[in-house]
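A.B. asks: Have a look at the structure that comes next, please.
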Amino acid sequence: MLVPRCVCDITIAPFLMIATQKLMETLDMDDFDQALPDSLALAVVMEKQPSTHPWADFRFDAIGVVVRDAETESSVTRIYQDGDVEHFLVSGLTLRLHLDECESYYHNLMSPEPGCFIVASQPDSAAEMPIPYLVSLSFDEVHAYLEGDEQIYSVEIPPQLYRWAEAYVLTHYVAIKKTKRKLKNWHETEKPASGTGDNS
């Protein structure tokens, strides 16, 4: 079993946690030889709160991802408000796992703080919310977006999503231990062989 240092829960709307738990109960993670799904429907929770920046009234952050029991159309719904702080559920996303990214998933899950990486479009105005359109467990996959204008967020993996990714990695990936190459002793190589030469 891949064991991270900690996977913390994010406080979000209770009905979302219930939906996630209901879905994960249908996935038997005890048998890693089963045909695991390579994708899950997701939603991203975005938070809007007052900004201290002089050029922006509000700031937006991704604060969590939620597994959905079925794919839904893209939508943005406000699910929480407390004064100037608001939470929005961005639905219609899919997290898809790829065999050629298993090594990146493995290192992510084994890291001290496993993360979900979220790519969002950068709006034209600071008053508009960036809209997530990609969620990945591979930093390599989202690395290319760091060089563009897209907004990248990293949030903690919910325990149920961690178990699904863990089962996928244990089924499809074998970690190769990297060994340090032994340095060659060039002094010994260049030393002339004893007993050679003309002693007459």
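A.B. asks: Looking only at segment 92-130, count how many residues are in contact with a helix residue (DSSP H, G or I) (Cβ under 9 Å, 6 or more places away or on another chain) and among the basic types (Lys, Arg). Explain how you work it out, then say what you get.
C.D. replies: First, the residues of segment 92-130 that are in contact with a helix residue (DSSP H, G or I) (Cβ under 9 Å, 6 or more places away or on another chain): 95, 97-99, 101-109, 114-119.
After this cut, where a residue has to be among the basic types (Lys, Arg) as well, the list is none.
Of the residues in that region, 0 qualify.
A.B. asks: Quick check on this structure: which one of Met29, Met1 is loosely packed, with under 11 Cβ neighbours inside 10 Å, touching a helix residue (DSSP H, G or I) at 6+ places or on another chain (Cβ under 8 Å), assigned to a loop (DSSP other than H, G, I, E, B) and modelled with pLDDT under 95? Please lay out each step first, then the result.
C.D. replies: On the way: Met29 fails: loosely packed, with under 11 Cβ neighbours inside 10 Å.
So the residue among Met29, Met1 that is loosely packed, with under 11 Cβ neighbours inside 10 Å, touching a helix residue (DSSP H, G or I) at 6+ places or on another chain (Cβ under 8 Å), assigned to a loop (DSSP other than H, G, I, E, B) and modelled with pLDDT under 95 is Met1.
A.B. asks: Considering only segment 75-113, state which residues are of a type in the set (Gly, Ala, Ser), free of Cβ contacts under 8 Å to residues at least 40 places away in the same chain and surrounded by fewer than 15 Cβ atoms within 10 Å (Cβ to Cβ).
C.D. replies: First, pick out the residues of segment 75-113 that are of a type in the set (Gly, Ala, Ser): 75, 83, 91-92, 104, 111.
Keeping just the survivors that are free of Cβ contacts under 8 Å to residues at least 40 places away in the same chain gives 75, 83, 104.
Ser75, Gly83, listed by residue number.
Results for (1) within 19 Å of Leu134 (Cα to Cα); (2) part of a helix (DSSP H, G or I), shown as yes or no for each residue.
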residue: Arg59; (1), (2): no, no
residue: Gly64; (1), (2): yes, no
residue: Ala70; (1), (2): yes, no
residue: Glu86; (1), (2): no, no
residue: Ser91; (1), (2): yes, no
residue: Leu95; (1), (2): yes, no
residue: Asn108; (1), (2): yes, yes
residue: Pro112; (1), (2): no, no
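A.B. asks: Moving to a separate point now. Listed residues Tyr168, Tyr145; which is of a type in the set (Phe, Trp, Tyr), at pLDDT below 95 and either part of a loop (DSSP other than H, G, I, E, B) or under 24 Å from Arg59 (Cα atoms) (or both)? Spell out how you get there, then give the answer.
C.D. replies: Working: Tyr168 fails: either part of a loop (DSSP other than H, G, I, E, B) or under 24 Å from Arg59 (Cα atoms) (or both).
Of Tyr168, Tyr145, the one residue that is of a type in the set (Phe, Trp, Tyr), at pLDDT below 95 and either part of a loop (DSSP other than H, G, I, E, B) or under 24 Å from Arg59 (Cα atoms) (or both) is Tyr145.
A.B. asks: Here is a further query. If you scan segment 37-92, which residues turn out to be touching a Leu at 6+ places or on another chain (Cβ under 7 Å) and among the acidic types (Asp, Glu)?
C.D. replies: Within segment 37-92, Asp38, Asp69 qualify.
A.B. asks: Of the residues that sit in segment 148-165 and are part of a loop (DSSP other than H, G, I, E, B) and closer than 15 Å to Gly64 by Cα, which one is modelled with the lowest pLDDT?
C.D. replies: Let us first name the residues in segment 148-165 that are part of a loop (DSSP other than H, G, I, E, B), namely 148-150, 157-158.
From what is left, the residues that are closer than 15 Å to Gly64 by Cα are 157-158.
Details: Ile157: 94, Pro158: 90.
Ranking the qualifying residues of segment 148-165, first place goes to Pro158.
A.B. asks: Looking at (1) in a helix (DSSP H, G or I); (2) hydrophobic (A, V, I, L, M, F, W, C); (3) touching a Leu at 6+ places or on another chain (Cβ under 9 Å), find the lone condition where Cys102 falls short.
C.D. replies: Every listed condition holds for Cys102 apart from (3).
The values are calculated or read from the model by the stated rules, or taken from the named source; none is laboratory data. The model shown is predicted, which means the values in this text are computed figures rather than measured ones. Heads up, the Cβs are rebuilt from the backbone with ideal geometry, glycines too, and the neighbour counts pull from every protein chain shown.
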